[in-house]
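First up is the structure itself, then whatever we jot down about it.
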């Protein structure tokens, strides 16, 4: 999953970048409100983590402009401004969650996972597709109860397809959600990773043809059966 952090503290930027990267997220970091608004409007982020006291454009103004532009990005306000009035204003302007500073990273991580589930209309903490089960918080993938080992890229691809299970996802959209701005994917990296994931699922005991389907010319779909394909490829998930 892909995050955007809009925060002007260099120390906190680095701390959260490391923490979320280790937790399996792709994350972009921006230090001022004006650039943050530009990034957020691109629409490829599963969650935007927003400070309020920012240079160039404050967080409340950023949030107001983001919602006025029609963006449905899930926004978590992370701020030292923790009065009741601030929290109410943030939520009224369209924030999905509000966490005061100082905070525990484990709580922030849990809230981000919750917003990701809400974005993809998934209430359960684990995702199950036939014999395949994915625990996003533990980054654990099992087939019939046996754990399989995936690289970071393979896991991110499988998790995203699992959250969008039953839908056909274009290669470009997968890239948008698993790479940050500093990463330049190779031309065949998604195809190569999909092939390796399929092999590992088969070796773990997934019955052929397995849950990972290719719709030639359209994209990829994770579904228990071919008949479970629900709809054609589309650019973005539905707003929640």
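The values are calculated or read from the model by the stated rules, or taken from the named source; none is laboratory data. Note that the structure is predicted; figures quoted are calculated from it, not measured. Here the Cβ positions follow ideal geometry from the backbone for every residue, glycine too, while neighbour counts run over all protein chains shown.
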Residues that are without any contact (Cβ under 8 Å) to a residue 60 or more places away in the chain and within 22 Å of residue 100 (Cβ to Cβ), drawn from region 26-44: 29, 30, 31, 32, 33, 36, 40
Single residue of 111, 81 found to be under 20 Å from the mean Cα position of the chain (by Cα), over 30 Å from residue 213 (Cα atoms), touching a residue at least 24 places away in the same chain (Cβ under 8 Å) and assigned by TED's automatic domain parsing to the domain that holds residue 46: 111
Residue that is surrounded by the most Cβ atoms within 10 Å (Cβ to Cβ) [pool: residues in region 5-24 that are touching a strand residue (DSSP E or B) at 6+ places or on another chain (Cβ under 6 Å) and without any contact (Cβ under 8 Å) to a residue 60 or more places away in the chain]: 6
Candidate set from region 169-185 (those that are under 19 Å from residue 134 (Cα atoms) and modelled with pLDDT of 90 or more); member that is surrounded by the most Cβ atoms within 10 Å (Cβ to Cβ): 169
Number of the condition not met by residue 126 [criteria: (1) within 17 Å of the chain's Cα centre (by Cα); (2) surrounded by 17 or more Cβ atoms within 10 Å (Cβ to Cβ)]: (2)
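Quick check: is even one residue across region 85-96 in contact with a strand residue (DSSP E or B) (Cβ under 8 Å, 6 or more places away or on another chain) and in a strand (DSSP E or B)?
We begin by selecting, within region 85-96, every residue in contact with a strand residue (DSSP E or B) (Cβ under 8 Å, 6 or more places away or on another chain); these are 86-87, 90-91, 94-96.
With the extra rule that they be in a strand (DSSP E or B), the set shrinks to none.
Looking through region 85-96, none of the residues is in contact with a strand residue (DSSP E or B) (Cβ under 8 Å, 6 or more places away or on another chain) and in a strand (DSSP E or B).
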Number of positions in region 1-31 that are at pLDDT 95 or above, assigned to a loop (DSSP other than H, G, I, E, B) and over 21 Å from residue 91 (Cα atoms): 3
Residues that are under 24 Å from the mean Cα position of the chain (by Cα) and assigned to a loop (DSSP other than H, G, I, E, B), drawn from region 55-78: 69, 70, 71, 72, 73
So residue 131, is it over 28 Å from residue 50 (Cβ atoms) and either buried (at least 19 other Cβ atoms within 10 Å of the Cβ) or in contact (Cβ under 8 Å) with a residue 24 or more places away in the chain (or both): yes
